[in-house]
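S.K.: Handing you this structure, nothing more for now.
The values are calculated or read from the model by the stated rules, or taken from the named source; none is laboratory data. None of the values given here were measured: they were computed from a predicted structure. When we count neighbours, we look across all protein chains shown, and the Cβ atoms used for this are built from the backbone with ideal geometry, even at glycine. Side chains are part of the model used for accessible areas, which takes the heavy atoms of the whole protein and leaves out ligands, DNA and RNA. Shrake-Rupley method; radii C 1.70, N 1.55, O 1.52, S 1.80 Å.
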Amino acid sequence: MKPVNVFIIDDDKLFVFLTKKTINSTNIVTNITEFGDGEEAIKYLRQNTRNSEMLPDVILLDISMPIMDGWEFLEEYTALIPAIEKNIKLYIFSSSISPHDIERAKNINAVSDFIIKPLLKEKFIEMIEN
(Lines give C-alpha, C1' and ligand atoms only; values in the text may rest on other atoms or scores of the structure.)
Protein backbone atom coordinates (compact mmCIF):
# COMPACT_ATOMS: atom_id res chain seq x y z
CA MET A 1 0.00 0.00 0.00
CA LYS A 2 1.36 3.41 -0.93
CA PRO A 3 1.92 5.92 1.89
CA VAL A 4 -1.04 8.04 2.88
CA ASN A 5 -0.35 11.73 3.45
CA VAL A 6 -2.53 13.15 6.22
CA PHE A 7 -2.81 16.82 7.17
CA ILE A 8 -4.16 17.61 10.63
CA ILE A 9 -5.31 21.22 10.86
CA ASP A 10 -6.08 21.84 14.51
CA ASP A 11 -4.74 24.06 17.29
CA ASP A 12 -5.55 21.52 20.04
CA LYS A 13 -2.20 19.88 20.76
CA LEU A 14 -3.79 17.08 22.79
CA PHE A 15 -6.17 16.18 19.94
CA VAL A 16 -3.27 16.24 17.47
CA PHE A 17 -1.15 14.01 19.72
CA LEU A 18 -3.97 11.49 20.27
CA THR A 19 -4.96 11.52 16.61
CA LYS A 20 -1.40 10.83 15.48
CA LYS A 21 -1.22 7.98 17.99
CA THR A 22 -4.51 6.55 16.67
CA ILE A 23 -3.40 6.85 13.04
CA ASN A 24 -0.06 5.21 13.79
CA SER A 25 -1.82 2.33 15.56
CA THR A 26 -3.55 1.37 12.29
CA ASN A 27 -0.23 0.28 10.75
CA ILE A 28 -1.22 2.11 7.58
CA VAL A 29 1.95 3.80 6.40
CA THR A 30 1.29 7.50 6.82
CA ASN A 31 3.06 10.80 6.65
CA ILE A 32 1.39 13.22 9.04
CA THR A 33 1.78 16.98 8.74
CA GLU A 34 0.36 19.28 11.40
CA PHE A 35 -0.87 22.85 11.05
CA GLY A 36 -1.99 24.91 14.06
CA ASP A 37 -4.39 27.05 12.05
CA GLY A 38 -6.07 27.24 8.65
CA GLU A 39 -3.87 30.04 7.37
CA GLU A 40 -0.67 27.99 7.69
CA ALA A 41 -2.32 25.11 5.85
CA ILE A 42 -3.81 27.17 3.02
CA LYS A 43 -0.43 28.86 2.41
CA TYR A 44 1.20 25.44 2.15
CA LEU A 45 -1.47 24.17 -0.24
CA ARG A 46 -1.15 27.28 -2.44
CA GLN A 47 2.61 26.76 -2.68
CA ASN A 48 2.22 23.11 -3.67
CA THR A 49 -0.89 22.98 -5.90
CA ARG A 50 1.06 21.39 -8.75
CA ASN A 51 3.22 19.09 -6.64
CA SER A 52 0.95 16.14 -5.84
CA GLU A 53 3.60 14.34 -3.79
CA MET A 54 3.60 17.24 -1.31
CA LEU A 55 -0.20 17.31 -1.06
CA PRO A 56 -2.30 15.33 1.38
CA ASP A 57 -4.57 12.43 0.56
CA VAL A 58 -6.67 13.28 3.60
CA ILE A 59 -7.25 16.51 5.53
CA LEU A 60 -8.60 16.43 9.09
CA LEU A 61 -9.92 19.94 9.74
CA ASP A 62 -11.07 21.48 13.01
CA ILE A 63 -13.65 24.27 12.92
CA SER A 64 -12.65 26.34 15.92
CA MET A 65 -9.10 27.72 15.60
CA PRO A 66 -7.36 31.08 15.96
CA ILE A 67 -6.16 33.21 13.03
CA MET A 68 -8.16 31.34 10.32
CA ASP A 69 -10.89 29.00 11.49
CA GLY A 70 -12.14 25.93 9.65
CA TRP A 71 -14.97 27.73 7.85
CA GLU A 72 -12.60 30.43 6.56
CA PHE A 73 -10.16 27.69 5.51
CA LEU A 74 -12.95 25.95 3.59
CA GLU A 75 -13.80 29.15 1.68
CA GLU A 76 -10.17 29.54 0.59
CA TYR A 77 -9.73 25.82 -0.06
CA THR A 78 -12.87 25.55 -2.19
CA ALA A 79 -11.58 28.35 -4.41
CA LEU A 80 -8.21 26.57 -4.65
CA ILE A 81 -9.55 23.13 -5.61
CA PRO A 82 -9.49 23.70 -9.42
CA ALA A 83 -5.74 24.41 -9.22
CA ILE A 84 -4.92 21.37 -7.07
CA GLU A 85 -3.74 18.40 -9.09
CA LYS A 86 -4.91 15.77 -6.63
CA ASN A 87 -8.19 14.43 -5.29
CA ILE A 88 -8.10 15.16 -1.55
CA LYS A 89 -10.61 13.86 0.98
CA LEU A 90 -11.43 16.49 3.59
CA TYR A 91 -13.09 15.60 6.89
CA ILE A 92 -14.23 18.08 9.47
CA PHE A 93 -13.30 16.88 12.95
CA SER A 94 -14.94 18.85 15.68
CA SER A 95 -16.11 18.64 19.25
CA SER A 96 -19.15 20.64 18.12
CA ILE A 97 -22.39 18.72 18.05
CA SER A 98 -24.27 21.72 16.73
CA PRO A 99 -26.82 20.65 14.09
CA HIS A 100 -26.13 24.00 12.37
CA ASP A 101 -22.40 23.18 11.99
CA ILE A 102 -23.14 19.66 10.77
CA GLU A 103 -25.69 20.91 8.22
CA ARG A 104 -23.37 23.69 7.06
CA ALA A 105 -20.57 21.17 6.50
CA LYS A 106 -22.83 18.82 4.53
CA ASN A 107 -23.66 21.68 2.17
CA ILE A 108 -20.00 22.14 1.19
CA ASN A 109 -19.02 19.79 -1.65
CA ALA A 110 -15.37 19.69 -0.58
CA VAL A 111 -16.30 18.10 2.77
CA SER A 112 -16.41 14.29 2.74
CA ASP A 113 -17.90 13.99 6.22
CA PHE A 114 -18.38 15.71 9.57
CA ILE A 115 -16.98 13.62 12.41
CA ILE A 116 -17.28 14.29 16.12
CA LYS A 117 -13.94 14.09 17.97
CA PRO A 118 -12.09 11.90 18.87
CA LEU A 119 -10.86 9.95 15.85
CA LEU A 120 -11.35 6.22 16.31
CA LYS A 121 -8.99 3.70 14.74
CA GLU A 122 -11.85 1.96 12.89
CA LYS A 123 -13.10 5.26 11.49
CA PHE A 124 -9.65 6.18 10.15
CA ILE A 125 -9.33 2.79 8.43
CA GLU A 126 -12.78 3.25 6.91
CA MET A 127 -11.83 6.74 5.66
CA ILE A 128 -8.69 5.44 3.96
CA GLU A 129 -10.39 2.40 2.41
CA ASN A 130 -13.21 4.48 0.90
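S.K.: To the nearest 20 debye, what is the magnitude of the charge dipole of the chain about its Cα centre, counting +1 on the Cβ of each Lys and Arg and -1 on the Cβ of each Asp and Glu?
M.R.: Result for the chain is approximately 420 debye, rounded to the nearest 20.
S.K.: How much accessible area per residue does the stretch 62-130 have, in Å², with a 1.4 Å probe?
M.R.: Accessible area per residue, the stretch 62-130: 57 Å².
S.K.: If you compute Cα extents along the principal axes in Å for the structure shown, which of (1) 36, 33, 26; (2) 57, 40, 34; (3) 42, 35, 26 do you land on?
M.R.: (1)
S.K.: Rounded to the nearest 20 Debye, what is the dipole magnitude of the stretch 62-108 about its Cα centre when Lys and Arg each give +1 and Asp and Glu each give -1 at the C-beta?
M.R.: Numbers: 4 positive and 8 negative charges, 47 e Å.
That gives the stretch 62-108 a dipole magnitude of about 220 debye.
S.K.: Divide by every residue of the chain the summed helix terms, -39500 (n - 2.57) for each DSSP H run of at least 4, and state the resulting mean residue ellipticity at 222 nm, rounded to the nearest 500 deg cm²/dmol.
M.R.: -11500 deg cm²/dmol
S.K.: Separate question: Go through the stretch 9-62 and name the chymotrypsin sites (Phe, Trp or Tyr not before Pro) that are in a DSSP coil and have 16 or fewer other Cβ atoms within 10 Å of their Cβ. Kindly include the intermediate steps, with their values, before the conclusion.
M.R.: Numbers: sites: F15, F17, F35, Y44; in loops: none.
Passing sites in the stretch 9-62 do not exist.
S.K.: Further, regarding this structure: Mind checking the stretch 35-79 for trypsin sites (Lys or Arg not before Pro) that DSSP puts in a loop (not H, G, I, E or B) and that have at most 11 other Cβ atoms within 10 Å?
M.R.: Passing sites in the stretch 35-79 are R50.
S.K.: Let me ask you something else. Let's test the formula: R0 of 25 Å, r as the Cβ-Cβ distance of Y44 and F17. What FRET efficiency results, to the nearest 0.05?
M.R.: Numbers: r = 21 Å, r/R0 = 0.82.
The formula returns an efficiency of 0.75 here.
S.K.: Which residue, T78, M68, T49, has the largest displacement toward the positive end of the dipole of the chain when charges sit on each Cβ (Lys, Arg +1; Asp, Glu -1)?
M.R.: T49
S.K.: Here is a follow-up. Once the stretch 17-79 is represented by equal point scatterers at the alpha-carbon sites, with solvent omitted, what log10 I(q)/I(0) does the Debye formula produce at q = 0.14 Å⁻¹?
M.R.: -0.45
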